[in-house]
Amino acid sequence: MNQHNVPFLNNVGVQSPDFEEARHFINSRIDDREVSPVSAGGRTENILTWQPLDRSTLFGARWSEKVHIQSEPQTTFHAILVLAGCIHCKTSKTDIKAGGLLLIAPGQQADLIWEKTTRSVVINLSRQALVDHLGIPCLEVLGKTSAVLAPDDQDARLIRQGIECIAQQHEICQGNLDPALQKQWQSLLLTHFSNRILQASRISPTILPARVRLATEWIQAHLREPISVADLLQVSGSSRRSLESGFRTYLNTTPAKYILCHKLKGVRDLLRSNADISVGDAAFAFGFQHLSHFTRHYQEAFGELPSETVRQRRKSRVLFQ
């Protein structure tokens, strides 16, 4: 990756001094953002590029002027790797300089000042990719947390090296990475990101209060059985108020939603791993009695119908045969 270039130049989305054009490009591919130049306008061009990775996307960006970028609460996970220049994160009051990495979890707003001519790579990881890799059906449990990794942080270095390799493959393939290769690179980035995402989110089981941990461990051990909040109260020895407060504080959800989400994840794992099972049988195996209600909950959790999960599994089998 040439240190003076924006990566992924074989797929240029915008090359223009028009900030409105740049905003439309971003908003057609990521969560909506407001893009406002802060410094005086010139004729230098903004450059925005992109490289798909299976269900996720990498974007190269260079702004011609100092620019303020704001978003509504995000629906998925984003990260920004600074290649040159500086980005100021207003929410954490932190400057991210060359080699540094900003992680922004679902539910968190982006509120950033990009210095003039700053070059960066924006990593947009899909909701489904995060769910599959982290094993967390409801991304809300990640909390509304952002984190900044310094350039010398080991995870930042590994992620930077991975993106450099993807940029090289982009050049070799002239922007047309094979779908199997896209999937492999996405998996690699998710592996590098996963520990930092979890560390930034307060969901590590090692720091859960004992009674909340007992409840979550019991849920995981009995996913194929009927589970009620009353069961959790008995197992954990907690009052309903105390247990619900613990789940809200440490997992950003309720006990009932936690049970539902992990049962849905169990169905998804079964559909993806067992080629012979039907959607109805998989749902029934985890205690869902009404298929229409199950389907609605499944789509809300994963952004796709269970039948689409089955189709993706079949496509993957054909791709790798």
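The values are calculated or read from the model by the stated rules, or taken from the named source; none is laboratory data. Computed from a predicted model, the values in this text were never measured in an experiment. Cβ atoms come from the backbone with ideal geometry, glycine included; neighbour counts cover every protein chain shown. Each accessible area value is taken on the protein alone, full model and side chains, heavy atoms only, with ligands, DNA and RNA left out. Shrake-Rupley method; radii C 1.70, N 1.55, O 1.52, S 1.80 Å.
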Virtual spin-label span in nm between residue 218 and residue 274, 7 Å along Cα→Cβ: 2.6
Magnitude of the charge dipole, the chain, Cβ model with Lys/Arg +1 and Asp/Glu -1, debye to 20: 600
Label-point separation, residue 228 to residue 254 (7 Å along Cα→Cβ), nm: 1.6
Of the labelled options [x] 6, 24, 30, 23, 13, 4, 0; [y] 6, 27, 35, 22, 8, 1, 0; [z] 5, 20, 21, 13, 9, 7, 6, 6, 6, 5, 2, 0, which one gives P(r) over Cα pairs in 10 Å bins from 0, in percent as computed for this structure? [x]
Got the relative contact order for the chain handy, in percent, Cα pairs under 8 Å and 6 or more residues apart? 14
Cα Rg, Dmax, the range 187-310, angstrom units: 15.7, 43
Assign unit charges at the C-beta atoms only (+1 for Lys and Arg, -1 for Asp and Glu), then state the dipole size of the range 1-105 relative to its Cα centre in Debye, rounded to the nearest 20. 320
Compute the accessible area per residue over the range 46-117, keeping the other protein chains in place, probe 1.4 Å, unit Å². 33
With r defined as the distance between the Cβ atoms of residue 241 and residue 300 and R0 fixed at 30 Å, what FRET efficiency is calculated, to the nearest 0.05? 0.65
Report the FRET efficiency, 1/(1 + (r/R0)^6), for residue 86 and residue 173, where r is their Cβ-Cβ distance and R0 is 25 Å, rounded to 0.05. 0.20
Rounded FRET efficiency, nearest 0.05, which uses the C-beta distance separating residue 165 from residue 285 and R0 of 45 Å: 0.65
